[in-house]
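Written out below as structure tokens is the structure these notes cover.
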Amino acid sequence: MGWKAELTQDWEINRESTKSQVILVAFRAAQRCLDDPKVPRPLAKAYVLFYKVLTTWVLGVELPPETEVGPQLRLIHPQGIVVNGQTKIGARVILRASTTIGNVMGSDGVASASPVIGDDVELGANVVMVGPLHIGDGARIGAGAVVVKDVPPGGVAVGNPARLLNEAAPA
């Protein structure tokens, strides 16, 4: 993928939100700076600092550049979104306002793994998802859900703690 396509891969899917477009172009540029050996380390570090100030302090979204994110991430009403850098997010995922995705700190002071989110997953507003869990392709997580267990592909999870409303038929 060329640099322009790489940086703008989320542009069209977020066309209703200039804020989302800015966040995601800056995110992809920060990833490129960190991954490209041609970019001098001091320049990469300076850009990542700029990115973090812009997105976290100014725009209210914490999406660390080390986070693995597939193409066409969609941010709807991007405010108060916090994603742990070890999270893996698939393609065509939708995140809404005030979503938190992270790990759990054990009593021994060791952090757990972070969630792995499949393709075509949609998260409602105010979702909290923590720990070493997997969200299957095509799953839907309802607004305000607190997810601490796996959600199967096509599953719909709601509530606090989240419970499955349905499970997709096995393929």
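The values are calculated or read from the model by the stated rules, or taken from the named source; none is laboratory data. Keep in mind that what you see is a predicted model, and the values were worked out from it rather than measured. A quick note on method: Cβ atoms are made from the backbone with ideal geometry, for glycine too, and the neighbour counts reach across all protein chains shown.
Which residues, counting only those in segment 140-168, are touching a Pro at 6+ places or on another chain (Cβ under 7 Å), closer than 20 Å to V104 by Cβ and part of a loop (DSSP other than H, G, I, E, B)? Show your work before the answer.
Initially, segment 140-168 is screened for residues touching a Pro at 6+ places or on another chain (Cβ under 7 Å), giving 146, 148, 167-168.
Remaining after also requiring closer than 20 Å to V104 by Cβ: 146, 148.
The answer is V148, and nothing else.
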Of all residues in segment 114-126 being of a type in the set (A, V, I, L, M) and within 18 Å of N166 (Cβ to Cβ), which is surrounded by the fewest Cβ atoms within 10 Å (Cβ to Cβ)?
-> V121
Look through segment 89-103, keep the residues that are touching a residue at least 40 places away in the same chain (Cβ under 8 Å) and not in a strand (DSSP E or B), and return whichever of them is surrounded by the fewest Cβ atoms within 10 Å (Cβ to Cβ).
-> R92
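Return yes or no: is N126 within 19 Å of I76 (Cα to Cα) and in a loop (DSSP other than H, G, I, E, B)?
So N126 fits the description; yes.
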Applying the selection to segment 104-127, what residues are at pLDDT below 95 and not β-branched (V, I, T)?
-> M105, G106, S107, D108, G109, A111, S112, A113
Of all residues in segment 47-98 being of a type in the set (G, A, S) and at positive phi, which is farthest from the chain's Cα centre (by Cα)?
-> G60
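Going by the structure shown, is A111 touching a strand residue (DSSP E or B) at 6+ places or on another chain (Cβ under 7 Å), small (G, A, S) and either buried (at least 17 other Cβ atoms within 10 Å of the Cβ) or under 20 Å from G80 (Cβ atoms) (or both)?
no
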